[in-house]
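The values are calculated or read from the model by the stated rules, or taken from the named source; none is laboratory data. Note that the coordinates shown come from a computational prediction; the quantities given were computed from them, not determined experimentally. Virtual Cβ from ideal backbone geometry, glycine too; neighbours counted across all protein chains shown.
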Amino acid sequence: MNKIVVIDEELCTGCGACVKLCPKQILRLDETDHVCKVTDENRCDKRRGCERVCPAGAIKIH
Ligand code: SF4
Ligand code: SF4
């Protein structure tokens, strides 16, 4: 369970906008589930770029 980068998979549409934007490349699209997954959240810069770009409001940075 992530504590820093939290994705609501019910809201995520798999659009990929956050994956493209993340400067740390810690977000990826799961090919099977078509939702965004977080790899190493400890590398997150916490600048909330993904939170702002997500059209579904599915990402929260804590
Ligand atoms: S806050 Fe920045 S570094 Fe962290 S997951 Fe979002 S885009 Fe990536
Ligand atoms: S930007 Fe939002 S809706 Fe699009 S893949 Fe990322 S978390 Fe999912």
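Summary of values
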{"read-out": "In region 12-33, residue farthest from Val53 (Cα to Cα) [restricted to those that are in contact with a Pro (Cβ under 8 Å, 6 or more places away or on another chain) and surrounded by 14 or more Cβ atoms within 10 Å (Cβ to Cβ)]", "value": "Cys15"}
{"read-out": "Strands (runs of 3 or more DSSP E) enclosed by region 1-61 - at least 2 residues per element that are among the β-branched types (Val, Ile, Thr) and either over 10 Å from the mean Cα position of the chain (by Cα) or modelled with pLDDT of 95 or more (or both)", "value": "5-7, 59-61"}
{"read-out": "Pairs with Cβ under 8 Å, 6+ apart, first in region 22-44 and within 13 Å of Ile4 (Cβ to Cβ) and free of Cβ contacts under 8 Å to residues at least 24 places away in the same chain, second outside any strand (DSSP E or B) and within 10 Å of ligand 2 (Cβ to nearest atom)", "value": "Leu27/Cys18; Leu27/Val19; Leu27/Cys50"}
{"read-out": "Cys44 being touching a strand residue (DSSP E or B) at 6+ places or on another chain (Cβ under 6 Å) and within 11 Å of ligand 2 (Cβ to nearest atom)", "value": "no"}
{"read-out": "Residue check for Gly57: at positive phi, more than 9 Å from ligand 1 (Cβ to nearest atom), exposed (fewer than 13 other Cβ atoms within 10 Å of the Cβ) and not acidic (Asp, Glu)", "value": "yes"}
{"read-out": "Qualifying position, being more than 7 Å from ligand 1 (Cβ to nearest atom) and surrounded by 14 or more Cβ atoms within 10 Å (Cβ to Cβ), among Cys44, Cys50, Cys36", "value": "Cys36"}
